[in-house]
Amino acid sequence: MREGSLEAPTRHPLDWQDKSFYDESAVEKELARIFGICHGCRRCVNLCTAFPTLFDLVDASETLEVDGVAKADYRKVVDQCYLCDMCYMTKCPYVPPHPWNVDFPHVMLRAKAVKFRKGQVAFRDKLLTSTDALGRLAAIPVVAQTVNALNRNGAARSAMQGVLGVHKERELPPYAPKKFRSGAAPSAAFAAKNGANTPGKVAVFSTCYVNYNEPGMGHDLLALLAHNEIPYVLAEKEACCGMPKLELGDLESVARLREVNIPQLAKLAREGYAILTPVPSCTLMFKQELPLLFPRDGDVKAVQDAMFDPFEYFVLRNRDGLLKKDFKQPLGNVSYHIPCHSRVQNMGQKTRELLEMIPGTKVTTVERCAGHDGTWGVKTEYYENSMKIGRPVFRLMADGEPDWISSDCPIAARHIRQGMGPQASKAQKAHPLGLLRRAYAR
Ligand code: SF4
Ligand code: SF4
């Protein structure tokens, strides 16, 4: 048998609606099979803390093999996985179509789904992944002010750590006084110019994070579309994309959120809109995870085909000869982090490519996991690990006296800025969309 596959990786859909998916002994058997292959390989040892946890368990066992690890301890490995997909997409030579059929993230997801169905998930985890409900509540102005003040208050944070298990040192994103969707500027009546690679009109799926926490990112995206004379609309109604619930193994909630988002996004896709989401995890949800969960759903497929990362769209727009390059302001030194959920979209480094087109701009790209994930690095028990995983990124991002710290993932950027501490004395944090807008001086 060949050592590794020479063919392009393929991903099998998840048969999550079949009851065998939740058969605990079948899941344990599959975990043991894949753990055995990983133990013999160990290539992913430095990717995250899931693999070192597994190898430590094997090395401490009597047999020094996976059969010596107690099945109850498998959960320790599962809990360390935040489903970034990096092992599957960038390291593993045994992914399908290789006959060993190793899909480490998906067996983790299956184990998380079993755990969720058995009701073994903390209230804290259900709360933190209810991004929509939390955002709607915090969008009430006086509530937003109170929540933001409590998040900055040491005593309140200690209490929150004790009651909720949210680490008191973790810097949390503030809630915005006004939602993005209620303050979004309407599009001017530009004529849509289709290119060979890009539709000439855009539908924006704003995401919970942009809507409730960093509306500026959404306004930047709209300003960039307007500058390039691209007409846009907002998706009529929005719920969370479902990624936080997926990471929890709550697949029924993912299906409920799909019911809200997909029909109207599919309608826009069929009307010829490109769909853009400014947060990589949400883009990935529509590009990859929902199609694997609903492989026979034509609406999900239509949305998948119309979905673009914003910088992927702008770079392709440039290839179509339809992107303006009337940049007026240099950006100086940009330390740019490409997040895992952008890397696994298999589109290349589109943000770097575009920022490098701006005269007077030097981009240093850091291509390593920063270790936060959506809600994982917020939790008391994982906070230290998330800072440890991020440490090389914090160091690399500080090299060369950057003027800007930037990542497509706004949560990773916040985490990196926190981890850099005083090393980031003069560097400001800005999302790449904001940097591009600044370069256009809009
Ligand atoms: S998906 Fe990410 S977090 Fe999970 S095991 Fe793979 S590399 Fe680690
Ligand atoms: S996921 Fe693949 S590459 Fe990583 S340790 Fe397991 S077998 Fe090796």
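Table: residues versus (1) in a loop (DSSP other than H, G, I, E, B); (2) under 29 Å from A122 (Cα atoms); (3) open to solvent by 20 Å² or more (accessible area, probe 1.4 Å).
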{"position": "L222", "(1), (2), (3)": "no, no, no"}
{"position": "E238", "(1), (2), (3)": "yes, yes, yes"}
{"position": "E247", "(1), (2), (3)": "no, yes, yes"}
{"position": "E259", "(1), (2), (3)": "no, yes, yes"}
{"position": "P263", "(1), (2), (3)": "no, no, yes"}
{"position": "E289", "(1), (2), (3)": "no, yes, no"}
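Scanning the stretch 37-76 for residues that are within 16 Å of ligand 2 (Cβ to nearest atom), over 26 Å from M387 (Cα atoms) and part of a loop (DSSP other than H, G, I, E, B) gives E65, V69.
Looking at the stretch 334-343, is at least one residue over 27 Å from Y212 (Cβ atoms), part of a helix (DSSP H, G or I), modelled with pLDDT of 90 or more and not hydrophobic (A, V, I, L, M, F, W, C)? Checking the stretch 334-343: not a single residue is over 27 Å from Y212 (Cβ atoms), part of a helix (DSSP H, G or I), modelled with pLDDT of 90 or more and not hydrophobic (A, V, I, L, M, F, W, C). Restricting the stretch 413-431 to residues that are modelled with pLDDT of 90 or more and of a type in the set (A, V, I, L, M, F, W, C) leaves a set whose member that is surrounded by the most Cβ atoms within 10 Å (Cβ to Cβ) is I416. The set of residues from the stretch 312-333 being surrounded by fewer than 21 Cβ atoms within 10 Å (Cβ to Cβ) and in a loop (DSSP other than H, G, I, E, B) comprises D320, G321, L322, L323, K324, K325, D326, F327, K328, Q329, P330.
When the residues of the stretch 161-178 are filtered to those that are assigned to a loop (DSSP other than H, G, I, E, B) and within 21 Å of the chain's Cα centre (by Cα), the one that is nearest to V233 (Cα to Cα) is A176. Looking only at the stretch 297-312, how many residues end up being without any contact (Cβ under 8 Å) to a residue 60 or more places away in the chain, within 15 Å of T277 (Cβ to Cβ) and of a type in the set (D, E, K, R)? Total satisfying the criteria: 2. Considering the stretch 12-25, and only residues there that are part of a helix (DSSP H, G or I) and touching a residue at least 12 places away in the same chain (Cβ under 8 Å), the residue that is least open to solvent (accessible area, probe 1.4 Å) turns out to be F21. Of all residues in the stretch 380-393, those that are at pLDDT below 90 and aromatic (F, W, Y) have Cβ atoms under 9 Å from Cβ atoms of residues that are open to solvent by 20 Å² or more (accessible area, probe 1.4 Å) and part of a helix (DSSP H, G or I), 6 or more apart or on another chain, in Y382/D79; Y382/Q80. Pairs meeting the criteria (first residue in the stretch 86-112 and within 8 Å of ligand 2 (Cβ to nearest atom), second residue basic (K, R), beta carbons under 7 Å, at least 6 apart or on different chains) are K91/R43.
Check the stretch 432-442 and report whether any residue there is closer than 19 Å to N46 by Cα, part of a helix (DSSP H, G or I) and open to solvent by less than 20 Å² (accessible area, probe 1.4 Å). Let's see the steps before the verdict.
First pass over the stretch 432-442, keeping only residues closer than 19 Å to N46 by Cα: none.
No, there is no match, as no residue in the stretch 432-442 is closer than 19 Å to N46 by Cα, part of a helix (DSSP H, G or I) and open to solvent by less than 20 Å² (accessible area, probe 1.4 Å).
Among the candidates V45, V114, V147, V69, the residue that is open to solvent by 20 Å² or more (accessible area, probe 1.4 Å) and away from ligand 1 (no atom under 15 Å from the Cβ) is uniquely V147. Hey, any hits in the stretch 202-215 for a residue that's surrounded by fewer than 17 Cβ atoms within 10 Å (Cβ to Cβ) and not aliphatic (A, V, I, L, M)? Checked the stretch 202-215: no residue is surrounded by fewer than 17 Cβ atoms within 10 Å (Cβ to Cβ) and not aliphatic (A, V, I, L, M).
Confirm whether R170 is at pLDDT 85 or above, within 30 Å of E24 (Cβ to Cβ) and surrounded by 13 or more Cβ atoms within 10 Å (Cβ to Cβ). Criteria not met by R170. When G434, G374, G421, G400 are checked against the criterion of being in contact with an Asp or Glu (Cβ under 7 Å, 6 or more places away or on another chain) and farther than 30 Å from A8 by Cβ, G434 stands alone in meeting it. Within the stretch 265-281, the set of residues being under 20 Å from the mean Cα position of the chain (by Cα) and open to solvent by 20 Å² or more (accessible area, probe 1.4 Å) comprises S281 only. Within the stretch 26-42, the set of residues being farther than 18 Å from V95 by Cβ and either among the basic types (K, R) or open to solvent by 50 Å² or more (accessible area, probe 1.4 Å) (or both) comprises E28, K29. Is it true that some residue in the stretch 91-100 is closer than 27 Å to E384 by Cβ, more than 19 Å from the chain's Cα centre (by Cα), surrounded by 14 or more Cβ atoms within 10 Å (Cβ to Cβ) and basic (K, R)? No - not one qualifying residue is present in the stretch 91-100.
The values are calculated or read from the model by the stated rules, or taken from the named source; none is laboratory data. These numbers come from a predicted model, not from an experiment. Heads up, the Cβs are rebuilt from the backbone with ideal geometry, glycines too, and the neighbour counts pull from every protein chain shown. Note: accessible area is taken over every heavy atom of the protein model, side chains too, but ligands, DNA and RNA are not part of it. Shrake-Rupley method; radii C 1.70, N 1.55, O 1.52, S 1.80 Å.
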